[in-house]
Structures are given as C-alpha cells and as structure tokens.
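Please treat every number below as a calculation from the coordinates, not as lab data. Since the structure is predicted, the reported quantities are computational estimates derived from the model, not experimental observations. Note that we place each Cβ from the backbone using ideal geometry, even for glycine, and neighbour counts take in every protein chain shown.
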Amino acid sequence: MKPIRLLSGVLTVGFWTLMSRILGVAREIMILAFIGPGPVMDAFVAAFRLPNMFRRFFAEGAFNAAFVPMFSKKYEADEDPLGFARDAMNGLAVLLLLLTALALIFMPALVWAVAGGFVGDPRFDLTVGYGRIVFPYILFISLAALFSGALNASGRFAAAAAAPVLLNILVCLAMGLGYLLGGSVITWLVWTVPVAGIAQLALVWVAADRAGIRLRPARPRLTPDMRKLAVIALPAALAGGVMQINLLVGQQVASHFDKAVGWLYAADRLYQLPLGVVGIAVGIVLLPDLSRRLKAGDAEGGRAALSRAGEISLVLTIPSAVALLVIPLPLVSVLFERGATGRDDSLAIALAVAIYGAGLPAFVLQKVLQPLFFAREDTRSPFRYAVWAMGVNAAVAVGLSPVIGWIAPAIATTLAGWVMVAMLLRGARPMGTVARFDDRFRQRLPRILVASAAMGMVLWGAGHVLAPWLDMAYLRYPALLVLIVIGALAYGVAGQLLGAFRLSEFRDSLRRPRR
C-alpha cells in the first residue's frame, strides 16, 4: 500500500491550519476594532455565513465525504483516478454555477430564511447587499476543496492546508488598506472575499497540476461512477444540511437579540482555533488513510490509525477545552477588547467561549469518528445521527432562549455535539475491533484528563496573579503570552510525569525522512 504517514500528515495540516486560525483571530480582532458589534457586523456575519454554509454542505461535507474515499481507492488500485476526478470537478462546477445564480436572484428570501430577526431593520438590506457580493466565493472555494481532496488522497497535504491562509491574509490587508486610506472598511472587506476565493483555487489547482493531478474543465458526463458518487453524496448532503440547520437555528435565535450574532460569531472563531488545528487536521488525514487501508485489507492498521488519531486529538483538545473554560475572559479581553468593542462585549463573548469550550472535545471526536463511516462509503448513518442532534439543538436553542436569552444557541450547540459523538460511537460497534480504540488509547485517556485538570488549576492561579497586568494596555499581550506559556509548561510536565503522552513520539515523527 502507498503509505500515508498519519502523525506527519496531521502535523503538516495542523501547522497550516494553525497559521490560518491565528490569522483568522487577527481578522476578527480587526473586524471588532474597526466595525465592532452592531448592525454592520451582524449583517456581514450573516452574509459571510451563506457561502460558507453551502460550502460545508456541498464541498467539505457532502462532496468530499463521497469523493475522497472513492478517489483514494481508485488511486490505491490505479483505476483511472484522474478521469474520475475530472468528471467530478465538471459536475460540481455546473451545480455550483446554478446554485450561485439562484442565490443572487433570491438573496432577500435567503436572508429572511437565515436571519428572520433582521426583517424590518437596516440589517436586512445590508445583509442582502453583502450577500450578493460574497456568495460567489462558494464557487471558487468548493472547487478548491475538490483539488484539496485529491491532493490529500495522494498523501500531499501542505498546499491544500495552506490555501485557507490566503483568505485571512488578503482580508486583513484589505481592511488595513481601507482604514489607512480612509475608506469604508466593510466595503473593502466584502469585496475581498470572492477575490480570496479565486486565489485559493489557483493555489491548489497549480499544486495539483505539479503533482500530476491534471484536471481541466469539460462537458459533464453522467458515468456509472458519477451515479455512485451522487448516491453516496446525497445522504452526506442531507447530513451536512442538518448541521447547517443547527447553525441557522442558532443564528435565527441570536438575530432577535441586539449584538448577539456578533458575540456568538467572535466566540465561535476563538474555539475554532483548536478545533481547526486538531479536529479538522485529523479528519483530513484519517479519511484517505482509512479508505486506502480498507481497500488493502489492512484491518489492524486501520484500528491503529483510528486509535492514534483519537489519541493525538484528545492530547491537544482536552487541555484546550480546559483553558477555554478557565480563562475565557483574559483571552477575549486581550484579543478583542479595543476600538468599537467594549467590556460588556468581552464579558458576553467570554461566556459563549466557555460554553463552546465544554463542547470542544465532542466537536473534535466527531472528526475522528465520522471517517469510520465515510471510508466504508456509509453516509446514511451519520445523516441519521445528525438528524437526532439537530432535534436536540433546536429544542434547546428555541426552548431556552425565552428563559436565558441569547446564550441558548451556544448551550444547544455543545449539547448536540456530545449527542452526536455518543451516537457515532454506538453506531460504530457493529464494525468490530477495527472501529474500537486500542488498549494504549484507553490507558492514556484518564492520564490526559488528570494532566489537563492539573493545568487548569495552574492556569486559574496564574490568571489571578497576572490579572492586573492583563488589564494594562501595553502589558496585556506579554501577560497573556506568559499565561499561555505557563499553562503549556504545566500540561507538558504533568503529561510527561503521568504518561499521558511522550514528546519523543512527536520528535521521532518530525525526524523520520519522507518516503
């Protein structure tokens, strides 16, 4: 079997995703400083979510869940993978062009569906205008996702992982230029989004071409493989739709509260930092690896890959979740509190960050467990589980909002995430031992929990000691850095002493020569 080095791939994807997420936080810092929570930011958030929602629905969700396993198996068996990818690209392009045209025409109805609370105030017209500018981003980023999937399936992760960095670089530069030139920052921001999509597509297209994956536009063909792809993708599309409905329910609830859309968006971006670095990286690498091992009949290797992916995920995710629970206000106030964003905004965002933090391990475990199903071309089971999770999300978000207000969607998201994990674990049981974590994983999990708890206590104490410096304008950045370093050192020492992980495992992976 042509090998995919799991840990090395995760570290490669994780590094570039970390760069993207750090720049994403910088992007949110600039948005909150230049624009701030209010009608304009709410309108931009709602508009920007439209192409991203459909992107996850068509590309990263449904399409890649079907495309990557099929392409991986064809690549492993040398069964004309390029012809399959070419037909898939052409079919996806036609679908996206049709979707984009319909969205531009019916944008007011789309905004009403995703942010009904905006009707009757200036946010509605702003969202419609912004939405028509940013929506074409879906065409470019979804095609980029196809090229990224092909690169990942062939064991090449760097270019695909680096592409999202372009969006944040270009957006930050555009906002900075808009501010320096005295123009409208929001205008620079929205027009840069589709330009960034073109840049991302160009990067992965060139990388794929250089890797020998040469795909060119042509007339779509309805081949047997395309029919199979559609059959597999449909349940995944429905599952992706369910997950997006969860987001829409939360946004609908938040749209009825002043500034809530912006608060939840800022909190979402902060917890997405560890989620993207760990969960998405693991899922991206694990899916083609499991698919190719199944094709080669390597059940034991598949179990080992799943267990190491779960282990890597929790080693990095559980301490991140503890940090979000213990020091959310220092993180939010230092990063976001400036310009148009005040103390009350920081307190609200910090509350949402802590609640999302409690669900972070669940969101990451979903990325680890879903490839078990997708690698077997089973997209129906995750769809059924997603429907149940959607019911929990909607019931909690809508049911609690009259009682506790705007924070209900965050609580609902976290609860629904854990429900989804429980169902994925239960649904994987019939797959046998290949879908079960091994003894090493089960031995290390309690140690990871204890090490993370120890880190949390150290962070809590250090946060109180550093509190005066965290509130000083010129010292808060060094103080936050010191706080983070203290937490990392505490976790590293506790983890090593307890045997939660071995740093040598990461060093060995980095030193091992590439094949």
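What dipole magnitude, in Debye to the nearest 20, does the chain give about its Cα centre under +1 on Lys/Arg Cβ and -1 on Asp/Glu Cβ?
Numbers: 47 positive and 28 negative charges, 315 e Å.
The calculated dipole for the chain is roughly 1520 debye.
In region 377-448, if the dipole is taken from +1 on Lys/Arg beta carbons and -1 on Asp/Glu beta carbons about the Cα centre, which of P402, M431, Y385 is farthest to the positive end?
Towards the positive end, the residue furthest out is M431.
Would you mind getting me the FRET efficiency between A340 and L82? Use the beta-carbon distance for r and R0 = 45 Å, nearest 0.05.
Values: r = 50 Å, r/R0 = 1.11.
The value I calculate is 0.35.
Run through all the Cα pairs of region 103-199 and give the fraction in each 5 Å bin from 0, expressed as whole percent.
Pair shares across the bins are 2, 13, 17, 17, 16, 15, 11, 6, 2, 1, 0.
Which chymotrypsin sites (Phe, Trp or Tyr not before Pro) in region 91-120 pass both tests, a DSSP loop state and at most 12 other beta-carbon atoms within 10 Å? Spell out each step's value before the answer.
On the way: sites: F106, W112, F118; in loops: F106.
Hits after loop and neighbour filter: F106.
Taking the Cα centre as origin and putting +1 on Lys and Arg beta-carbons and -1 on Asp and Glu beta-carbons, what dipole magnitude results for region 77-170, to the nearest 20 debye? Could the numbers behind the result be given before it?
On the way: 4 positive and 6 negative charges, 58 e Å.
Magnitude of the dipole: close to 280 debye.
Normalising by the residue count of region 6-437, find the relative contact order in percent from Cα pairs under 8 Å and 6+ residues apart.
Working: 664 pairs, mean separation 105.4, N = 432.
Computed value for region 6-437: 24 percent relative contact order.
What is the extension gain from A299 to R219, computed as 0.36 nm multiplied by their sequence separation minus the C-alpha to C-alpha distance, in nm to one decimal?
24.9 nm
Across the chain, how many lysine pairs separated by 8 or more positions, or lying on different chains, have Cα atoms within less than 29 Å?
Summing the qualifying lysine pairs gives 14.
So if R0 is 41 Å, what FRET efficiency would Y477 and A230 give, r being the distance between their Cβ atoms, rounded to the nearest 0.05? Display every interim value, and only then the final one.
On the way: r = 51 Å, r/R0 = 1.23.
After rounding, the FRET efficiency stands at 0.20.
How far apart, in nm, are two points set 7 Å out from the Cα along the Cα-to-Cβ line at L95 and at D258?
Between L95 and D258, the label points sit 4.4 nm apart.
Using θ = phi - 60° and the Karplus form 6.51 cos²θ - 1.76 cosθ + 1.60, what ³J(HN,Hα) does each residue of region 169-185 get, whole Hz, x for Gly and Pro?
For region 169-185, the Karplus curve yields 4, 5, 5, 5, 4, 5, 5, x, 5, x, 5, 5, 7, x, x, 7, 4 Hz.
Please report, in whole Å, how far the alpha carbons of region 411-500 spread along each principal axis, starting with the longest.
57, 36, 16
How large is ³J(HN,Hα) for each residue in region 421-436, as worked out from phi by the Karplus curve 6.51 cos²θ - 1.76 cosθ + 1.60 (θ = phi - 60°), to whole Hz, x for Gly and Pro?
So the J values, rounded to whole Hz, are 4, 4, 6, 5, 4, 5, x, 7, 4, x, 6, x, 5, 4, 9, 10.
Tabulate in residue order the Karplus-calculated ³J(HN,Hα) for region 325-331, using 6.51 cos²θ - 1.76 cosθ + 1.60 with θ = phi - 60°, rounded to whole Hz; enter x for Gly and Pro.
For region 325-331, the Karplus-derived couplings read 7, 8, 10, x, 5, x, 4 Hz, x marking Gly and Pro.
Express the C-alpha Rg of the chain as a ratio against the empirical globular expectation 2.2 N^0.38 Å, rounded to two decimals. Intermediate results must be reported in sequence, preceding the final value.
Numbers: Rg = 22.3 Å, N = 515, 2.2 N^0.38 = 23.6 Å.
That works out to 0.94 for the chain.
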